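The values are calculated or read from the model by the stated rules, or taken from the named source; none is laboratory data. All values reported here derive from a predicted model rather than from experimental measurement. Neighbour counts are summed over all protein chains in view; Cβ atoms, including those assigned to glycine, are modelled from backbone coordinates with ideal geometry.
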C-alpha cells in the first residue's frame with residue numbers, strides 16, 4: 001500500500017483555495033454607457049476580499065483495483081472517505 005502525505009503547507013493550501021474562489025467568483029459584465037456604447041468589464045475579487053478562516057486535514061484514500069472477467073480486465077480508480085469511529 002502506498003501512502004502519500006500532504007504535499008504542501010497550510011499556507012500554500014490556503015493560497016490555492018483563495019485563487020480557486022477568486023476564479024469561480026470572477027465574472028464578465030456587459031453594460032451600456034450614457035453615450036450608447038456597449039462595454040464589457042471583467043470583475044474579479046481582490047485577494048483581500050477572500051478569507052480562509054481555517055483548514056482541516058482530511059484523509060482521503062485512493063483505491064485502485066483491477067477486475068478481470070475471462071479475457072477482459074477492467075481497471076477502476078476512485079477516492080473514498082473514511083468515516084470516523
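For the reader, a short list of remarks on this structure follows.
- The set of residues in segment 53-71 being at pLDDT 85 or above and not in a loop (DSSP other than H, G, I, E, B) consists of 63, 64, 65, 66, 67, 68, 69.
- Scanning segment 8-47 for residues that are touching a helix residue (DSSP H, G or I) at 6+ places or on another chain (Cβ under 7 Å), assigned to a loop (DSSP other than H, G, I, E, B) and either touching a residue at least 24 places away in the same chain (Cβ under 8 Å) or exposed (fewer than 10 other Cβ atoms within 10 Å of the Cβ) (or both) gives a single hit, 45.
- Only one of the numbered conditions (1) modelled with pLDDT under 90; (2) surrounded by 10 or more Cβ atoms within 10 Å (Cβ to Cβ) is not met by residue 85, and that is (2).
- Complete set of residues in segment 52-78 that are loosely packed, with under 10 Cβ neighbours inside 10 Å and touching a helix residue (DSSP H, G or I) at 6+ places or on another chain (Cβ under 8 Å): none
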